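Down below is the structure, laid out as structure tokens.
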Ligand SMILES: NC(=O)c1ccc[n+]([C@@H]2O[C@H](COP(=O)([O-])OP(=O)(O)OC[C@H]3O[C@@H](n4cnc5c(N)ncnc54)[C@H](O)[C@@H]3O)[C@@H](O)[C@H]2O)c1
């Protein structure tokens, strides 16, 4: 076992452990008088359920894998399962899986008996670098993604990077899209590190995964501590996301993995930043495109269309942005960049520029 802990300095604080062979440690978080329910998905339970060792006998609720499980009917089933398991107010929900599982499990924990503790064991790169940290929970509604949710901070998060070795390559690439976003929000140090190590990262080398998860968790922990409920500075984490949400919406949720859509969103946000004269570093957009391609990600909308066999017409993408839940006064708002580590939020992009970027 080898771990580093990052504190999310809230009241009470939350702890994110990053390392290898961590799942066997989770049992020590459970007190003698505490009931536990594990929430996982069919795939992850099969692959990694046994690693929870002493907790392998705990009642486990299994969701269908991926977005299919992140719905109100499955939330209701999870809550019924928790009640049938006799979970008390001092009980603990442990989630084991990707962001779909931690989002639903966190929501179930926040609702059950008006809120019980939750601990996340994220098993995708995307969930380790993003979804499991910060306390956002959600399920999808027919009207849109993540429309019903709460803020409910996990008591602890255990990012065991060895679980990432079983990830399908497309899921690994999806996580790397969010990693590149975090590097752009962090500064040149992290960005240069990704460029220097792109081959090992694309191959999913465990040591490199550990390093990027740690760097991403540190940045997110700092932002969450200053703005827990996403009213201000935390919103910089949406860099590339207004574009990405539109891509996911128009292509049909689940067709393009979230982080892959984010990768394209980053290139569009950088292009918009250039057009608005914000970016001092004229090489950054090109370097980011090269980095994304080296990590196996699409680096433009045409590349994404071709790779996934999608049309993604610009008028549909723009219409989807107008309905993005982060729009203010009916206008889509964007996070743009002045340089690595220098994000500006709440920026508008004119219709003409959007047309140009999305054609
Ligand atoms: N709460 C937040 O702050 C936040 C942030 C970002 C994303 N999200 C949410 O996260 C969700 C996406 O999460 P995700 O990308 O982690 O995917 P996911 O949870 O939907 O899982 C994707 C697939 O990977 C499989 N999988 C998971 N771990 C595996 C492993 N170790 N080995 C093999 N297969 C594995 C799953 O079974 C599933 O089939 C979205 O619903 C998104 O809205 C939430």
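Scanning segment 139-152 for residues that are within 8 Å of the ligand (Cβ to nearest atom) and either without any contact (Cβ under 8 Å) to a residue 12 or more places away in the chain or within 21 Å of residue 202 (Cα to Cα) (or both) gives no hits.
Pairs are defined by a Cβ separation below 8 Å, a sequence spacing of at least 6 or placement on different chains, a first member in segment 65-76 that is farther than 16 Å from residue 257 by Cβ, and a second member that is within 8 Å of the ligand (Cβ to nearest atom) and not in a helix (DSSP H, G or I); the pairs so defined are 71/140. From the list 230, 192, exactly one residue is more than 29 Å from residue 359 (Cα to Cα) and under 16 Å from the mean Cα position of the chain (by Cα). Which is it? Checking each option against the conditions leaves just 230. Inside segment 54-64, residues that are touching a residue at least 24 places away in the same chain (Cβ under 8 Å) and either over 20 Å from residue 34 (Cβ atoms) or away from the ligand (no atom under 16 Å from the Cβ) (or both) make up a count of 5. Of all the listed residues (352, 329, 320, 280), the sole one being over 21 Å from residue 179 (Cβ atoms), modelled with pLDDT under 95 and in contact with a strand residue (DSSP E or B) (Cβ under 9 Å, 6 or more places away or on another chain) is 280.
Starting from residues that are farther than 20 Å from residue 23 by Cα and buried (at least 20 other Cβ atoms within 10 Å of the Cβ), keep the ones in segment 76-103 and report whichever is farthest from the ligand (Cβ to nearest atom).
Initially, segment 76-103 is screened for residues farther than 20 Å from residue 23 by Cα, giving 76-90.
Pick out the ones that are also buried (at least 20 other Cβ atoms within 10 Å of the Cβ) and you get 78, 82, 87.
Details: 78: 15, 82: 20, 87: 22 Å.
Among them, the one singled out is 87.
Conditions (1) outside any loop (DSSP other than H, G, I, E, B); (2) touching a residue at least 12 places away in the same chain (Cβ under 8 Å); (3) over 15 Å from the mean Cα position of the chain (by Cα), marked per residue:
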| position | (1), (2), (3) |
| --- | --- |
| 207 | yes, no, yes |
| 214 | yes, yes, no |
| 237 | yes, yes, no |
| 249 | yes, yes, yes |
| 263 | yes, yes, no |
| 278 | no, yes, yes |
| 287 | yes, yes, yes |
| 296 | no, yes, yes |
| 312 | no, yes, yes |
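In the set (1) within 11 Å of the ligand (Cβ to nearest atom); (2) more than 14 Å from the chain's Cα centre (by Cα); (3) closer than 15 Å to residue 148 by Cβ, the condition left unmet by residue 136 is number (2).
Looking for something modelled with pLDDT of 95 or more and closer than 16 Å to residue 45 by Cβ - is there at least one such residue anywhere in segment 87-94? Yes, that holds for at least one residue.
The values are calculated or read from the model by the stated rules, or taken from the named source; none is laboratory data. None of the values given here were measured: they were computed from a predicted structure. Note that we place each Cβ from the backbone using ideal geometry, even for glycine, and neighbour counts take in every protein chain shown.
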